[in-house]
Structure formats: C-alpha cells, structure tokens
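Visitor: This is the structure, below, for whatever I ask next.
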Amino acid sequence: MTRIVFSAASGDLTVWIRELQALMPDAEVTAFDARAQSGADYAVVWAPPQELFEHERHLRAIFCLGAGVDALLAMPKRPRAVPLVRLGDAGMSVQMAEYVCHAVLRFTREFERYEADMRAGQWQLRKPLLREHFPIGVLGLGVIGARVARALSSFEFAVHGWSRTEHSLEGITCHHGADGLEKLLRATRILVCVLPLTPDTESILCRSNLEKLMPGAYLINVARGAHLVEDDLLALLLEGHLAGACLDVFREEPLPAGHAFWSETRITMTPHIAARTLRANSLAQIAGKIRDHQAGKPIDGIVDPARGY
Ligand code: NAP
Ligand code: GLV
C-alpha cells in the first residue's frame, strides 16, 4: 500500500489528512510522527521539520503545499535525489491577481485618501490621476505573474513583464535578462514582484534597482521578503522617490514588534495572505500527481534545484 506522510507547520492537519485520504482511498495518509514506523513513499509538506527527511529515507517524491520552494530547497537534510514538486496555480493565481489589482487601484484611485476624507466628514473631489502616468512592471511571468500581468492589462494599464527566458504575452511588453530588467525599471511607476526567491533574485528590490523607477513610484511585493532590502525601501520613501509600498511578505515573519514598517504609514501590509493555499484545489492536484507518478506518467511542477524554482 502507498504510504503518504503529511506535515505542515500550521492549520488543522486532521481535515487536510482526512480529505487527502478520501481522494486516495487505496493509500494510507498519516501525519508525520518521528516515533512512528518509517517507510512513506510520498511526503506532502509545508515547512516540515528536518527530522522528517532523516526519518523517511525511501521517499519517491516530496510535494510542497505552496508555489515557492525556497525554504524547502534550503533544508540541508532534504534528499537531493528525490523530486520536489511545487503547487502549480491551484487557485493561487486568481487570488494574486485580485490582490495586486486591489493594491494598484487603491493607489491610483487614491481610495485611502478618499476613505480618510470621508471619515473626517470631508466631501472632497481630487483631480483624477491618469492611468497613462502609471505604467506597471511585473517581475516574474510564471504561473502567477502572467495572470497578474494580464489582469492589470485588462484595466488598460501599460504593463511590462520580466522573466529569465524570453516570453511573448499578448498585451504585455515582455523583457528578459539583465538588459530587460533595466528597460522595465526605467519604464515603470508601479513595480510588482512575483519572482521566486533564488540566489539570482534575492535582494533584487534594492536601492540601485528601485532608484531606476519613475519618481513617485509604488512597490508591491507579494513574492518573498528576502527580495526586498528593507532599509533601502525606508530610505527611498523618506527621500520621496517612492510614494508608497504594499507588502505581503517580509524577511522575518511574523513581522517583529518594533519593526520600522509598523509605523510607516506609506507602507500597507498584510500577513502573507496574498494567495492562500486552497485545500480542495491543492489536495486534488497533489492526489492527481501522486497517481500519475505511481503509474509512471510524467508530472509537471518538478523543481529544478539548479534554477532554484
Ligand atoms: P513560477 O511559475 O515558477 O514563475 C517564476 C517566474 O519568475 C518565471 O517567469 C521565471 O522566468 C521568473 N524568474 C525566475 N528567476 C528569474 C530571474 N533570475 N530573472 C528573471 N526572471 C526570473 O512561479 P509562480 O507560481 O508564478 O510563483 C512565483 C512566486 O510567488 C513563488 O515562488 C512564491 O515565492 C510567490 N508566492 C507568494 C504567495 C503569497 O501569498 N505571497 C503565494 C504564492 C506564491 P521564466 O519564465 O523564464 O522561467
Ligand atoms: C506562498 O507563499 C506560496 O509560495 O505558495
């Protein structure tokens, strides 16, 4: 019988395990327990303990309950020869499109200001900001980034996108490589980061890159906290080159008490909720891939450790 161990750092695991078991009645799905007998074929994980990989020595594949695998790739005990499989969309790209469009429109339609005015009893109209003045750059044109770029384009913003390899997306001006990044940054007032965290993309949201954005720029980071050099953001806000930022992810999560971001009113924050792992979508995808893997069929979403995503 196929054995599947499940390990996730938070949430009610019993419901997840019960639902995966229902999808795979011929398998045995259990919560990882270092005291239990080993011998699992598959692991389904988010932020598992290192000891899972010391205990389970015969895994055939590891399924990540998220799109980003940076934390799993960094675990020293993760068996290098075992395929690591990421979630592919599973309901996340539409959520991310909602989140980013909301952040963009909140900024360009000045909803925060109007809300404050109305709270203060002030009926005040402002001169409309024109979308032509807010070209958007999307870093990352993968499963999620491409959806975000298309959603923004549907609001008739000029959208630029950046990827590692060359892409062609209708309605989006696509760039790639180092030259492409330079071109995108110089043409952008609202920058959205949807990149995976890899050695090549870490700290990409740094002073030297953010300074290339048009004056009064706005930053939206929904990827990973380590993409951003936090002190550079704070300095560029103080200097007025950046008008504001919307951050869903942070170098340290939860954001520590006393962190400068808590009191910077130009930064809008959420606690890493931009695109949640949806249980039904994610488990259905993973169960399907386990069945295909067992049948010797190819599965997509296998991470390339050399690329880092
Ligand atoms: P993906 O499908 O793997 O796409 C990654 C994109 O980034 C691809 O377009 C890739 O280029 C590009 N890229 C990677 N390295 C690059 C480099 N060095 N230079 C230029 N472009 C580079 O990933 P995804 O599913 O869209 O997810 C993206 C990230 O979103 C995840 O890794 C995760 O960190 C984050 N995320 C956050 C949340 C949240 O709630 N905040 C939720 C889900 C995901 P190519 O197309 O050329 O390969
Ligand atoms: C969430 O951040 C994910 O990578 O799925």
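Visitor: Could you list, in sequence order, all residues of the range 45-72 that are within 12 Å of ligand 2 (Cβ to nearest atom) and surrounded by fewer than 22 Cβ atoms within 10 Å (Cβ to Cβ)?
Guide: Those that are within 12 Å of ligand 2 (Cβ to nearest atom) and surrounded by fewer than 22 Cβ atoms within 10 Å (Cβ to Cβ): 46, 47, 66, 68, 70, 71, 72.
Visitor: Additional query: Select from the range 238-260 the residues that are buried (at least 20 other Cβ atoms within 10 Å of the Cβ) and assigned to a loop (DSSP other than H, G, I, E, B) and list them in ascending order.
Guide: Once the filter is applied, which keeps residues that are buried (at least 20 other Cβ atoms within 10 Å of the Cβ) and assigned to a loop (DSSP other than H, G, I, E, B), the range 238-260 yields 248, 249, 250.
Visitor: If you don't mind, there's one more thing I want to ask. Which of the following residues is under 30 Å from residue 23 (Cβ atoms), modelled with pLDDT of 95 or more and not aliphatic (A, V, I, L, M): 258, 216, 225, 296? Lay out the reasoning, then the answer.
Guide: Numbers: 258 fails: under 30 Å from residue 23 (Cβ atoms); 216 fails: under 30 Å from residue 23 (Cβ atoms); 225 fails: under 30 Å from residue 23 (Cβ atoms).
Exactly one of 258, 216, 225, 296 is under 30 Å from residue 23 (Cβ atoms), modelled with pLDDT of 95 or more and not aliphatic (A, V, I, L, M), namely 296.
Visitor: Which residues, taken from the range 198-220, are within 20 Å of residue 239 (Cα to Cα) and within 16 Å of ligand 2 (Cβ to nearest atom)?
Guide: 220
Visitor: Cβ contacts < 9 Å: first residue open to solvent by 90 Å² or more (accessible area, probe 1.4 Å), restricted to the range 110-123; second residue of a type outside the set (Gly, Ala, Ser), any location; separation 6+ or different chain. Result?
Guide: Every condition considered, the pairs that remain are 113/124; 113/126; 118/124; 123/117.
Visitor: On to the next question. If you scan the range 261-297, which residues turn out to be open to solvent by 60 Å² or more (accessible area, probe 1.4 Å) and free of Cβ contacts under 8 Å to residues at least 12 places away in the same chain?
Guide: Answer for the range 261-297, where residues must be open to solvent by 60 Å² or more (accessible area, probe 1.4 Å) and free of Cβ contacts under 8 Å to residues at least 12 places away in the same chain: 262, 263, 265, 295, 296, 297.
Visitor: Is it the case that residue 235 is modelled with pLDDT of 95 or more, in a helix (DSSP H, G or I), at negative phi and among the small types (Gly, Ala, Ser)?
Guide: yes
Visitor: Just give me the residues in the range 133-185 being within 20 Å of residue 91 (Cα to Cα), touching a Leu at 6+ places or on another chain (Cβ under 7 Å) and assigned to a loop (DSSP other than H, G, I, E, B), in sequence order.
Guide: 140, 141 - these are the residues of the range 133-185 that are within 20 Å of residue 91 (Cα to Cα), touching a Leu at 6+ places or on another chain (Cβ under 7 Å) and assigned to a loop (DSSP other than H, G, I, E, B).
Visitor: Taking the range 214-233, which residues are crowded, with 23+ Cβ neighbours inside 10 Å and not aromatic (Phe, Trp, Tyr)? Before the answer, list the steps.
Guide: Initially, the range 214-233 is screened for residues crowded, with 23+ Cβ neighbours inside 10 Å, giving 218-224, 227-228, 233.
If the condition is that a residue be crowded, with 23+ Cβ neighbours inside 10 Å and not aromatic (Phe, Trp, Tyr), then 219, 220, 221, 222, 223, 224, 227, 228, 233 are the ones that fit.
Visitor: If the requirement is being within 16 Å of ligand 2 (Cβ to nearest atom) and either farther than 27 Å from residue 226 by Cβ or buried (at least 23 other Cβ atoms within 10 Å of the Cβ) (or both), which of these qualifies: 195, 191?
Guide: On the way: 191 fails: within 16 Å of ligand 2 (Cβ to nearest atom).
The unique qualifying residue is 195.
Visitor: If we only count helices (runs of 4 or more DSSP H) wholly inside the range 20-114, which ones have 3 or more residues that are within 28 Å of residue 225 (Cβ to Cβ), within 16 Å of ligand 1 (Cβ to nearest atom) and hydrophobic (A, V, I, L, M, F, W, C)?
Guide: Those helices (runs of 4 or more DSSP H) span 70-73, 92-108.
The values are calculated or read from the model by the stated rules, or taken from the named source; none is laboratory data. For clarity, every value in this text was computed on a predicted model and none was experimentally measured. Neighbour counts are summed over all protein chains in view; Cβ atoms, including those assigned to glycine, are modelled from backbone coordinates with ideal geometry. When the accessible area is computed, the model is the full protein with side chains, heavy atoms only, and any ligands, DNA or RNA have been set aside. Shrake-Rupley method; radii C 1.70, N 1.55, O 1.52, S 1.80 Å.
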